[in-house]
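Notes for the one structure printed next.
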Amino acid sequence: MSRNAEDLAALVRERAGDAPPKVGLILGSGLGHLAEAVNGVSIDYTDLPGFPHAGVSGHNPKLVIGDLEGQRVAVLGGRAHYYESGRGDAMRLPLEVLKALGAGTLLLTNAAGSFRPDIPPGDLMLIADHINFSGLNPLIGEPTDARFVPMMDAYDPALRTALLQAASDEGIALAGGVYAWYSGPSFETPAEIRAIRTLGADAVGMSTVPEVILARFLGLRCAAISTITNMAAGLSEEAISHEHTKAMAPLGAGKLERILRRFLREMPQV
Ligand code: HPA
């Protein structure tokens, strides 16, 4: 844990109180409104020295700490992507701060393109595993042996079961699938999509994987849900664009919020 993270955690505690958040939440494109549902203290990333700029439209670069469904949560309303800076570890400091604050669990959300007709735009996918199709790793340069992070069950089985139960209790379809990380920022070609699909992926996106690697490095338990905003390149006639992603994300966002709220309500049993 870096000195900076401990210092920032102290700064956050001064503003938001000492109670440790149980769960950290990272909100993906078009899902930033969930931060507003939290009854608590909001701190702009610009007030947290070293936090990434997180300049992608559709994100809400604030750390919000407070209560959601009776659980203390810490919401990262914006994420920095590798493609913004060329740094695979762009989210390391925010995750270290969550860890320093005492969070044990990290829930990640993102927008993704689906390969599966049975998981169409507007639906959600529970990430069961990932393929790092970028060739990058956020732990490159980490000098300690802790860098050799095992990635078995990176998406925590108990958390996944609890999220599936929460979805089922809410009557919301939640299929499990494999997420492939493609660096972006250009979208994939149809040939790339055919390649990743052949390799076993069910959806593709430009985030989450480096954060999960960093979170496992820090010892956080992870779970992640994709909001499907489009069929991936070459799989439908629909044009793919960031505007389209932002316009479609709210379709799944309501369902995602219901699942997360129920999950948090039932959390003590996890
Ligand atoms: N590809 C990569 N990232 C995405 C997509 C996609 O099709 N849709 C939403 N985010």
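Only the coordinates and a few stated rules stand behind these numbers; no lab work does. Quantities reported herein were computed from a predicted structural model and do not represent experimental measurements. Reconstructed Cβ throughout: ideal geometry from the backbone, glycine too, with neighbour counts over all protein chains shown.
Points worth noting:
- Between the alpha-carbon centres of segment 25-91 and segment 228-264 there is a gap of 18 Å.
- Label sites at Glu14 and Glu243, each approximated as a point 7 angstrom past Cα along Cα to Cβ, lie 4.4 nm apart.
- Once the chain from Ser186 to Glu170 is taken as fully extended at 0.36 nm per residue, the excess over their C-alpha distance is 2.2 nm.
- Over the chain, Cα pairs under 8 Å with separation of 6+ residues give a relative contact order of 25 percent.
- Summed over all non-identical Cα pairs, the Kirkwood treatment of the chain gives a radius of 18.4 Å.
- Counting charges near Pro21 (Lys, Arg +1; Asp, Glu -1) among other residues having Cβ under 12 Å from its Cβ returns a value of +2.
- Using the Cβ-Cβ distance between His53 and Glu257 with R0 set to 25 Å, the FRET efficiency works out to roughly 0.45.
- Cleavage-rule hits, GluC sites (Glu not before Pro), segment 206-239, DSSP coil, Cβ neighbours within 10 Å at most 16: Glu237, Glu238
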